[in-house]
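> Following this message is one structure expressed as structure tokens.
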Amino acid sequence: MTSAEPSGWLQAFRIYTHPRVLGMLSLGFSAGLPLLLILGTLSFWLREAGIDRSTIGHLSWIGLAYGFKWLWAPLVDRMSLPLLTRLLGRRRAWLLLSQVVIAIALIGMASTDPLENLTHMVFFALAVAFASATQDIALDAYRIEAVAPRLQGAMAATYQAGYRVAMILASAGVLWIAAAVAPSEVIYDHAPWRTAYLVMAACMAVGIITTLIIREPEVPVSHLVSENEAHARQAIAHWNLNATLTTALAWLYGALVAPFRDFIVRHGRQALLILSLIAVYRISDVVMGVMSNPFYVDMGYTKDEVATVSKVYGVVMTIVGAAIGGVLTAKIGIMRTLFLGAVLSASTNLLFVWLAGRGHDVTGLIFTISADNLSAGIASSAFIAYLSGLTNSAYSATQYALFSSVMLLLPKFIAGFSGDFVDAYGYANFFTATAILGLPVLALVWLAGRAKFEAMDSPPRSG
């Protein structure tokens with residue numbers, strides 16, 4: 001009995017040697033690399049270049065591309081790409097196209113000095129954002145379809161590991177490279193940033209090579225999807241259209257309408273409440289995050305200090321928080337952990353008010369980053385579990401894209417005015433305001449939790 005237990009554990013850990021699970025590590029890296037390069041790290045670059053805070057805040061709207069990806073997610077989910085789909089398959093074709101576009105656009109960002117041509121920088125950053133959002137859609141679909149359910153946990157774990165490593169490279173790595181190449185920390189120079197972003201563009205080769213190596217998952221279209229298209233075809237037949245147009249309209253219904261209709265039908269009157277909660281749950285963190293890097297610059301922190309404390313140590317604390325969130329979700333439930341995460345995410349923003357009063361204080365920065373990222377990890381873990389439970393497996397990629405899009409739209413829009421707010425009222429008042437933004441979230445979590453428990457306690461409807 002005793003000798004059997006270690007071998008059982010060893011067998012369990014061997015799932016991480018599965019080729020597709022290992023491949024997910026590289027694909028997660030490819031997914032995590034672009035995000036900070038067009039948001040947090042770019043804001044540091046722009047502020048060092050002397051771009052005003054108001055403009056930096058407005059440019060954070062580039063991230064809204066992730067908030068609108070639900071608009072084209074059904075097309076990525078169902079539409080074939082000429083030649084590429086025939087050679088690689090649906091998922092790999094979209095992955096390869098998006099990864100190549102990201103690499104090219106990052107080269108464009110590297111070659112552009114924002115002081116000389118900010119418009120070109122915005123154009124290339126937008127291209128990175130849209131291609132990165134498309135990669136996320138295709139990757140979510142691949143992850144769900146590539147392996148059996150028993151391997152999904154391992155796929156998610158390796159994806160998150162690769163994603164976090166990429167975030168460290170895209171934040172701390174870029175700052176370290178720029179600092180190493182820069183002749184001076186005082187005088188702005190475009191050359192170090194060009195070098196750093198060219199290295200990031202080259203790092204996209206990790207995802208491109210992996211996409212070319214992995215096998216396309218062989219998953220047929222869901223029975224529910226086929227059934228919905230068949231019903232739509234029957235309804236459209238009464239319009240006396242030709243067969244090609246009827247088939248096209250039925251396909252559009254199955255790809256564009258059915259996933260969203262399914263969500264509304266399944267959740268009924270609670271659908272609006274659920275979407276409202278998703279829309280504001282991360283609002284405190286997202287709005288505050290846009291001004292965090294300009295704040296570090298204005299407080300006199302060096303690239304090395306920010307890279308070490310915020311970008312490396314901070315990411316490690318986020319991973320620790322996510323692990324704690326997973327345990328709490330299992331022990332006290334998703335909704336209670338969601339509530340705790342919302343409380344911590346909003347309240348830890350007040351630590352930045354305290355830090356703003358201290359100026360350049362590395363010890364204070366370490367304490368603030370520890371608490372803030374730990375709470376963010378707990379909140380994220382519970383939130384991902386909540387979103388996953390809302391999806392229908394027949395439309396998992398499209399519905400998950402909808403949820404993650406709704407999650408970003410309002411926070412990113414409000415965050416665009418963050419620079420204006422800081423210019424008018426200062427950092428301390430800004431961080432206080434972001435904490436206050438988290439208060440409505442608590443009410444929505446409580447209402448959603450009560451609605452969920454009432455639905456569980458209510459007797460099943462007949463017929």
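> What is the dipole size for the stretch 277-380, taken about its Cα centre, with +1 at each Lys and Arg Cβ and -1 at each Asp and Glu Cβ, in debye to the nearest 20?
340 debye
> Give the label of the value calculated from the structure for Rg and Dmax of the Cα atoms in Å, choosing from [x] 23.7, 82; [y] 22.4, 66; [z] 23.1, 75.
Correct label, based on the coordinates given: [z].
> Would you mind calculating the gained length between S80 and L409 on full extension (0.36 nm times residue separation, minus the Cα-Cα distance), in nm to one decimal? Can you show the working numbers first?
Details: separation 329, 0.36 × 329 = 118.44 nm, distance 2.78 nm.
Difference between extended and current length: 115.7 nm.
> Let me have the relative contact order for the chain, percent, based on Cα pairs under 8 Å that are six or more residues apart.
Once normalised by length, the contact order is 25 percent.
> Which residue, chosen from G89, A424, M204, occupies the Cα position most advanced towards the positive end of the dipole of the chain, where the dipole is computed from +1 (Lys, Arg) and -1 (Asp, Glu) charges on Cβ about the Cα centre?
G89
> On a 0 to 90 degree scale, rounded to 10, what angle separates helix 258-267 from the longest Cα axis of the chain?
With both axes taken from Cα atoms, the answer is about 90 degrees.
> Determine, for each peptide in 240-249, 316-325, the mean count of other beta carbons within 10 angstrom over its residues, then list the peptides with the highest first.
Sorting 240-249, 316-325 by mean packing, highest first, produces 316-325, 240-249.
> Of S54, A248, P440, which is farthest along the charge dipole of the chain in the positive direction, counting Lys and Arg as +1 and Asp and Glu as -1 at C-beta?
A248
> Let me ask something else about it. Under the 0.36 nm per residue contour assumption, what length would be gained going from the current alpha-carbon distance of V316 and H190 to full extension?
42.4 nm is the gain from fully extending V316 to H190.
> Let me ask you something else. If R₀ is 25 angstrom, what is the calculated FRET efficiency for the pair A161 and A202, using the beta carbon separation as r and rounding to 0.05? Please report the intermediate quantities before stating the final value.
Details: r = 21 Å, r/R0 = 0.85.
So, using R0 = 25 Å, E works out to roughly 0.75.
> List the residues of the stretch 270-311 whose backbone N lies under 13 Å from a point placed 7 Å from the Cα of Y425 along the Cα-to-Cβ direction.
It comes to 288, nothing else.
> Reported to two decimal places, what Rg/Rh ratio describes the stretch 224-463 when computed on Cα atoms with Rh from the Kirkwood expression?
Details: Rg = 22.2 Å, Rh = 20.2 Å.
Radius of gyration relative to Kirkwood radius: 1.10.
> Then there's this: Treating the angle as unsigned and between 0 and 90°, give the value, to the nearest 10°, between the Cα long axis of helix 223-237 and the longest Cα principal axis of the chain.
For helix 223-237, the angle is close to 70 degrees.
> In deg cm²/dmol and to the nearest 500, what is the mean residue ellipticity at 222 nm of the chain if only DSSP H runs of at least 4 residues count, each as -39500 (n - 2.57), divided by the residue total?
Roughly -24000 deg cm²/dmol at 222 nm, from the helical runs in the chain.
> Rounded to the nearest 20 Debye, what is the dipole magnitude of the stretch 12-219 about its Cα centre when Lys and Arg each give +1 and Asp and Glu each give -1 at the C-beta?
Numbers: 15 positive and 12 negative charges, 177 e Å.
Here the stretch 12-219 has a charge dipole of around 840 debye.
> Turning to a different aspect of this structure: Tell me, in nm to one decimal, what length is gained between L442 and H120 on full extension, where the rule is 0.36 nm per residue of separation less the Cα-Cα distance?
Extending this stretch completely gives an extra 111.8 nm.
> How big is the charge dipole of the chain about its Cα centre, in debye rounded to the nearest 20, if each Lys and Arg gets +1 on its Cβ and each Asp and Glu gets -1 on its Cβ?
1320 debye
None of the figures in this text is laboratory data; all of them are computed from the coordinates on show. Owing to the predicted nature of the structure, the values given are computational and were not obtained by experimental measurement. Positions of Cβ are generated from backbone atoms using ideal geometry, with glycine treated the same way; all protein chains shown enter the neighbour counts.
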